[in-house]
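*Asks:* The structure under discussion is supplied below as structure tokens; questions concerning it will follow.
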Amino acid sequence: MSRIAYVNGRFVPKSQAVVHIEDRGYQLADAVYEVWALFDGKLADPEGHFARLERSLSELRIDMPMSRAALTAVLRETVRRNRIREGLVYLQVSRGVARRDHAFPTDPVPPAVIVTVSRVDRAATEARAAAGVAVITTPENRWGRCDIKTVGLLPNALAKQKAREAGAVEAWFVDELGLVTEGASSNAWILDAEGTLRTRDTQANILRGVTRLSLIDVAREAGLKVDERPFTPQEAAQAKEAFITGAGTLVLPVVKVDGHPVGDGRVGPVATKLRRLYIERARATAI
Ligand code: PDD
């Protein structure tokens, strides 16, 4: 269990880790976050996550709370104090604490920073990956800036709950053109009937997944064709394989979309291989 959290410069027992009731993250979702997979106590895909954090903050005109080096030290120290080797590291940066007002505070306030770490049971997640998971689809109903990793996740939370109630692990949002955008907390992929890997392009209103980006490299290095082009749920059901990517799921095979089996309804060799290659690379490059 994670016992220690970092809150605004202090390491505190989680039971005593609190933020102010007028934190703008709490009242207005005026905050961004990042999640790193943790392999052997090290942060996976560090460059991608730091670069995206800086971009998310800059899009919202929130200052980086500290340098990358200092932030890395804080993340590592939180990991160390929790004695977790395999897990997830969560960082949230809000605009800070100010009297409630929709517009930014007129007197500058420092950003509020919290870090938590949670353990992941790799044996359990490997078993889940070997079995494959089901996804459902749901109409896209999020705002137009899903490229910014904000904590404004209510549509994602509702979609995830809908998935859970349907016995699925993820919900894929489908836009008004009938095309899958991404999952509630992951990017969506298929291996189409022609044997091409497809995932939505980042011109669309989706999060620029760090795992997605690394996996495009991994897949191309493995000789696979990757096309950043959207697909419909019907194409997913007719695809050879499907999977989702994210810091939490890594590369997780999908065997059912809205109750329809993908391919022969079993986990396929390409997703299995990509999962292994991604994890090998992420472990080797973690810091
Ligand atoms: N979610 N799309 C959405 C909407 C996400 O929330 C996430 C990640 C991704 C995948 O991004 P990445 O590969 O950088 O993790 C795509 C994190 C894990 C979360 O909310 O817990």
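*Asks:* Regarding the range 222-238, can at least one residue be identified that is over 24 Å from Ala123 (Cα atoms), without any contact (Cβ under 8 Å) to a residue 40 or more places away in the chain, within 16 Å of the ligand (Cβ to nearest atom) and of a type in the set (Lys, Arg)?
*Replies:* Scanning the range 222-238, I find no residue that is over 24 Å from Ala123 (Cα atoms), without any contact (Cβ under 8 Å) to a residue 40 or more places away in the chain, within 16 Å of the ligand (Cβ to nearest atom) and of a type in the set (Lys, Arg), so the answer is no.
*Asks:* Here's another thing I want to ask about it. Do we have Ala134 as at negative phi, more than 10 Å from the ligand (Cβ to nearest atom) and touching a Gly at 6+ places or on another chain (Cβ under 9 Å) here?
*Replies:* yes
*Asks:* Now, a different point. Which residues, taken from the range 119-142, are in contact (Cβ under 8 Å) with a residue 40 or more places away in the chain, surrounded by fewer than 19 Cβ atoms within 10 Å (Cβ to Cβ) and part of a helix (DSSP H, G or I)?
*Replies:* Within the range 119-142, Thr125, Arg128, Ala130, Ala131 meet the criteria.
*Asks:* For the range 78-91, name all the residues that are under 22 Å from the mean Cα position of the chain (by Cα) and surrounded by fewer than 19 Cβ atoms within 10 Å (Cβ to Cβ).
*Replies:* The answer is Arg85, Glu86, Leu88.
*Asks:* Scan the range 186-196 and give yes if some residue there is out of contact with any helix residue (DSSP H, G or I) (no Cβ under 9 Å at 6 or more places or on another chain) and away from the ligand (no atom under 16 Å from the Cβ), otherwise no.
*Replies:* Checked against the condition, which is being out of contact with any helix residue (DSSP H, G or I) (no Cβ under 9 Å at 6 or more places or on another chain) and away from the ligand (no atom under 16 Å from the Cβ), the range 186-196 yields at least one hit.
*Asks:* Just to be sure, is Val180 within 15 Å of the ligand (Cβ to nearest atom), out of contact with any Gly (no Cβ under 8 Å at 6 or more places or on another chain), outside the structural domain of Arg10 (by TED's automatic domain parsing) and under 20 Å from Val254 (Cα atoms)?
*Replies:* It is true that Val180 is within 15 Å of the ligand (Cβ to nearest atom), out of contact with any Gly (no Cβ under 8 Å at 6 or more places or on another chain), outside the structural domain of Arg10 (by TED's automatic domain parsing) and under 20 Å from Val254 (Cα atoms).
*Asks:* Considering only residues that are buried (at least 19 other Cβ atoms within 10 Å of the Cβ), part of a loop (DSSP other than H, G, I, E, B) and away from the ligand (no atom under 13 Å from the Cβ), which ones fall in the range 30-67?
*Replies:* Asp30, Ile62, Pro65
*Asks:* For the range 193-213, what are the residues that are surrounded by 20 or more Cβ atoms within 10 Å (Cβ to Cβ), farther than 16 Å from Gly144 by Cβ and out of contact with any Pro (no Cβ under 8 Å at 6 or more places or on another chain)?
*Replies:* Leu197, Thr199, Gly209, Val210, Thr211, Arg212
*Asks:* Okay, next question. For residues in the range 148-160 being surrounded by 12 or more Cβ atoms within 10 Å (Cβ to Cβ) and of a type in the set (A, V, I, L, M), which is nearest to the ligand (Cβ to nearest atom)?
*Replies:* Step by step, filter the range 148-160, then rank; the result is Leu153.
*Asks:* Looking for something outside the structural domain of Val210 (by TED's automatic domain parsing) and closer than 17 Å to Val109 by Cβ - is there at least one such residue anywhere in the range 40-55?
*Replies:* As a first pass, look at the range 40-55 and keep what is outside the structural domain of Val210 (by TED's automatic domain parsing): 40-55.
Keeping just the survivors that are closer than 17 Å to Val109 by Cβ gives none.
No, the range 40-55 contains no residue that is outside the structural domain of Val210 (by TED's automatic domain parsing) and closer than 17 Å to Val109 by Cβ.
*Asks:* In the same structural domain as Ile136 (by TED's automatic domain parsing) and in contact with a His (Cβ under 9 Å, 6 or more places away or on another chain): which single residue out of Val210, Val255 fits that description?
*Replies:* One residue alone meets the criteria, Val210.
*Asks:* Looking at Arg100, Arg95, Arg145, which is the one that is surrounded by fewer than 17 Cβ atoms within 10 Å (Cβ to Cβ) and either among the hydroxyl-bearing types (Ser, Thr, Tyr) or not assigned by TED's automatic domain parsing to the domain that holds Leu274 (or both)?
*Replies:* Arg100
*Asks:* Same structure again: Please identify the pairs in which a residue from the range 22-37 that is closer than 11 Å to Leu53 by Cα and of a type in the set (Asp, Glu) has its Cβ atom under 8 Å from the Cβ atom of a residue that is assigned to a strand (DSSP E or B) and within 16 Å of the ligand (Cβ to nearest atom), counting only partners at least 6 apart or on another chain.
*Replies:* Final answer for the pair search is Glu34/Tyr90; Glu34/Leu91.
*Asks:* Also: Among the residues of the range 95-112, is there at least one that is in contact (Cβ under 8 Å) with a residue 12 or more places away in the chain and at positive phi?
*Replies:* yes
*Asks:* Please enumerate the residues belonging to the range 239-280 that are within 16 Å of the ligand (Cβ to nearest atom) and surrounded by fewer than 15 Cβ atoms within 10 Å (Cβ to Cβ).
*Replies:* The answer is none; no residue qualifies.
*Asks:* Pull out all pairs, ordered by first then second residue, where Cβ-Cβ is under 6 Å, the residues are six or more apart or on different chains, the first lies in the range 180-191 and is under 14 Å from Val169 (Cβ atoms), and the second is small (Gly, Ala, Ser) and more than 6 Å from the ligand (Cβ to nearest atom).
*Replies:* Ala184/Ala159; Ala184/Ala171
The values are calculated or read from the model by the stated rules, or taken from the named source; none is laboratory data. All of these numbers come straight from a predicted model, not from anything done at the bench. So basically every Cβ, Gly included, is an ideal-geometry build from the backbone, and we count neighbours across all protein chains shown.
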